[in-house]
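Trainee: Next up is a structure, given as structure tokens.
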């Protein structure tokens with residue numbers, strides 16, 4: 001059983017391999033039956049017809065034509081065709097391989113020119129592109145026009161070609177026709193004839209017209225000799241003599257869709273302009289003139305491109321010069337700004353040092369001022385204590401003087417008028433002195449924040465009557481009339497004692513600085529949430545300097561009391577302190593020689 005199984009397996013593998021080998025070597029008629037086939041494509045580098053991509057796979061014009069053929073047999077005959085690319089050693093090797101092989105599915109690829117001599121050994125497909133070869137020589141070679149010039153050029157130069165190509169045959173025919181001898185340099189199939197000609201200035205050779213025109217289009221400078229242009233039968237693919245694959249391939253080439261496809265593929269590698277020109281050479285009679293015209297067109301285009309490039313380069317150079325100049329200017333500005341910044345930084349650093357020194361000096365002076373303030377504060381406290389002590393100590397003897405004068409008046413009922421006048425003067429002086437002491441003590445209490453606000457309900461009419469009684473004697477002595485007026489019996493809450501002191505001080509000042517027989521008006525009214533007292537006199541008025549100092553302590557104003565009264569400069573400053581304690585406002589409106597009006601505004605609770 002094991003032996004039989006092994007035999008069967010061997011036979012199966014053999015049959016499978018045979019079928020695969022058969023599929024690979026099928027003719028076109030067999031491929032239609034099998035619905036599958038393989039084409040062995042023997043190729044060698046001939047750019048742009050066929051060459052290696054970066055990945056090592058073949059690509060180029062002929063590769064895309066064969067891929068289009070592969071799609072054609074699939075779409076029209078449902079044959080799955082595999083393209084087997086076989087890289088060869090040379091063009092000559094490919095031709096010989098196809099000529100002697102018995103495999104019908106072999107095909108030669110790589111821009112084979114169709115010739116009668118080659119047709120004797122292989123089959124050619126119909127041409128897919130016009131085959132025109134031109135003779136080119138090294139850069140700077142003159143174009144020959146006479147037979148003598150031709151012979152001289154051939155003898156002085158070396159021909160370059162590849163063995164087994166139509167290029168070689170063209171050179172051999174040229175040597176025979178001209179009956180002249182010239183050296184031939186054979187290069188490998190992997191090399192480029194144009195590259196070898198370009199290396200020195202004494203070489204020439206035949207190349208395909210499309211390759212030459214592409215060289216000119218990219219700026220090449222080889223010389224084309226006009227008298228040696230050869231029009232061939234076109235480029236085609238080769239198959240063995242007995243292969244029928246040529247039949248289906250020619251059918252593929254004759255399709256209108258294929259013609260359009262070939263135009264697209266060829267234009268891709270040569271450009272639409274070159275393709276249309278070369279394709280039109282089939283029917284061209286004056287081949288040399290057409291090529292020369294096209295050559296000049298391409299050279300003119302290249303010249304225009306060169307001029308455009310030069311213009312762009314010129315513009316770029318101008319732009320570069322402008323940018324460079326602007327950059328230099330900007331750099332100069334930056335350097336100038338940098339040095340200016342450095343200069344400013346140095347100056348600032350110097351100023352900072354000066355400021356630091358000044359700050360140290362100011363700090364030192366502040367410390368001295370602080371110490372001096374402490375000393376002055378101490379001296380001021382000592383002065384205030386001394387004033388308080390003197391004021392308290394002075395009150396006792398003043399009160400004793402007043403008491404003694406009262407006793408004197410009671411014990412002696414009969415005094416002369418002069419004696420009574422003297423006693424009254426002494427009493428008045430003692431009373432004024434006592435009032436001055438009271439003001440000094442009151443101000444000291446205010447300065448020390450030792451006085452408290454006691455809020456109570458105040459009836460404005462009664463308040464004004466009280467003030468009137470208190471100041472009646474003072475007013476009558478100067479024959480001054482004081483009018484007290486209020487719109488109605490107003491009531492509000494505030495400190496009765498402070499408000500009385502405020503009004504009395506302002507009214508006393510008005511009496512003191514007004515001429516005898518003057519009139520003073522005292523009014524009270526409510527505006528919004530405030531009660532406003534106004535005291536208007538007919539005094540000398542105040543200057544702007546007086547108004548700025550009037551509520552400050554110990555200030556002597558330009559106006560003087562009209563009756564020789566004494567003034568401590570504390571009365572209105574005490575008024576300001578009292579009003580501040582009552583959260584009120586005080587201000588004066590006055591013009592020099594026009595009298596004064598004092599206003600006191602207090603909030604209504």
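Trainee: On the given criteria, is residue 490 buried (at least 21 other Cβ atoms within 10 Å of the Cβ), within 19 Å of residue 601 (Cβ to Cβ) and modelled with pLDDT of 85 or more?
Mentor: Details: buried (at least 21 other Cβ atoms within 10 Å of the Cβ): no; within 19 Å of residue 601 (Cβ to Cβ): yes; modelled with pLDDT of 85 or more: yes.
No, not satisfied.
Trainee: How many residues does region 236-252 hold that are farther than 9 Å from residue 125 by Cα and out of contact with any helix residue (DSSP H, G or I) (no Cβ under 7 Å at 6 or more places or on another chain)?
Mentor: Matching residues across region 236-252 total 4.
Trainee: Further question: Residues that are part of a helix (DSSP H, G or I) and either at pLDDT below 80 or under 21 Å from residue 211 (Cα atoms) (or both): does region 131-143 have at least one?
Mentor: Of all residues in region 131-143, those part of a helix (DSSP H, G or I) come to none.
Looking through region 131-143, none of the residues is part of a helix (DSSP H, G or I) and either at pLDDT below 80 or under 21 Å from residue 211 (Cα atoms) (or both).
Trainee: Filter region 573-586 down to residues that are within 60 Å of the chain's Cα centre (by Cα) and not in a helix (DSSP H, G or I) and give me whichever is surrounded by the fewest Cβ atoms within 10 Å (Cβ to Cβ).
Mentor: Let us first name the residues in region 573-586 that are within 60 Å of the chain's Cα centre (by Cα), namely 580, 583-585.
With the extra rule that they be not in a helix (DSSP H, G or I), the set shrinks to 583-585.
Working: 583: 11, 584: 21, 585: 15.
Applying the filter and picking the extreme gives 583.
Trainee: Can you confirm whether residue 165 is surrounded by 20 or more Cβ atoms within 10 Å (Cβ to Cβ) and either under 27 Å from residue 66 (Cβ atoms) or touching a strand residue (DSSP E or B) at 6+ places or on another chain (Cβ under 8 Å) (or both)? Step through it out loud before you land on a result.
Mentor: Numbers: surrounded by 20 or more Cβ atoms within 10 Å (Cβ to Cβ): yes; either under 27 Å from residue 66 (Cβ atoms) or touching a strand residue (DSSP E or B) at 6+ places or on another chain (Cβ under 8 Å) (or both): yes.
Spelling it out, residue 165 is indeed surrounded by 20 or more Cβ atoms within 10 Å (Cβ to Cβ) and either under 27 Å from residue 66 (Cβ atoms) or touching a strand residue (DSSP E or B) at 6+ places or on another chain (Cβ under 8 Å) (or both).
Trainee: Criterion first (modelled with pLDDT of 85 or more and over 22 Å from residue 578 (Cβ atoms)) does residue 469 satisfy it?
Mentor: Numbers: modelled with pLDDT of 85 or more: yes; over 22 Å from residue 578 (Cβ atoms): no.
Taking the combined requirement at face value, the residue does not satisfy it.
Trainee: Next question, about the same structure. Which one of 507, 474, 532 is more than 28 Å from residue 452 (Cα to Cα) and not in a loop (DSSP other than H, G, I, E, B)? Spell out the reasoning first.
Mentor: Numbers: 507 fails: more than 28 Å from residue 452 (Cα to Cα); 532 fails: more than 28 Å from residue 452 (Cα to Cα).
Among 507, 474, 532, only 474 is more than 28 Å from residue 452 (Cα to Cα) and not in a loop (DSSP other than H, G, I, E, B).
Trainee: Would you say residue 84 is surrounded by fewer than 17 Cβ atoms within 10 Å (Cβ to Cβ), touching a residue at least 12 places away in the same chain (Cβ under 8 Å) and at negative phi?
Mentor: Yes: the conditions hold for residue 84.
Trainee: Is there a residue being at pLDDT 85 or above, over 60 Å from the mean Cα position of the chain (by Cα) and either closer than 19 Å to residue 222 by Cβ or assigned to a loop (DSSP other than H, G, I, E, B) (or both) anywhere in region 144-154?
Mentor: Step one: of region 144-154, the residues at pLDDT 85 or above are none.
No; the residues of region 144-154 include none that is at pLDDT 85 or above, over 60 Å from the mean Cα position of the chain (by Cα) and either closer than 19 Å to residue 222 by Cβ or assigned to a loop (DSSP other than H, G, I, E, B) (or both).
Trainee: Continuing with this model, one more query. If I go through region 168-191 residue by residue, how many of them are in contact (Cβ under 8 Å) with a residue 24 or more places away in the chain and either assigned to a helix (DSSP H, G or I) or surrounded by fewer than 17 Cβ atoms within 10 Å (Cβ to Cβ) (or both)?
Mentor: Here is the first cut: in region 168-191, the residues in contact (Cβ under 8 Å) with a residue 24 or more places away in the chain are 169-171, 174, 178, 180-191.
Filter again for either assigned to a helix (DSSP H, G or I) or surrounded by fewer than 17 Cβ atoms within 10 Å (Cβ to Cβ) (or both), leaving 169-171, 174, 178, 180-181, 183-188, 190-191.
Of the residues in that region, 15 qualify.
Trainee: For region 113-125: of the residues being at pLDDT 90 or above and part of a strand (DSSP E or B), which is farthest from residue 63 (Cα to Cα)?
Mentor: So, considering only residues that are at pLDDT 90 or above and part of a strand (DSSP E or B), the one farthest from residue 63 (Cα to Cα) is 123.
The values are calculated or read from the model by the stated rules, or taken from the named source; none is laboratory data. Note that this is a predicted model, so its numbers are computed, not measured. Cβ sites come from the backbone with ideal geometry, for glycine too, and all protein chains shown count toward neighbours.
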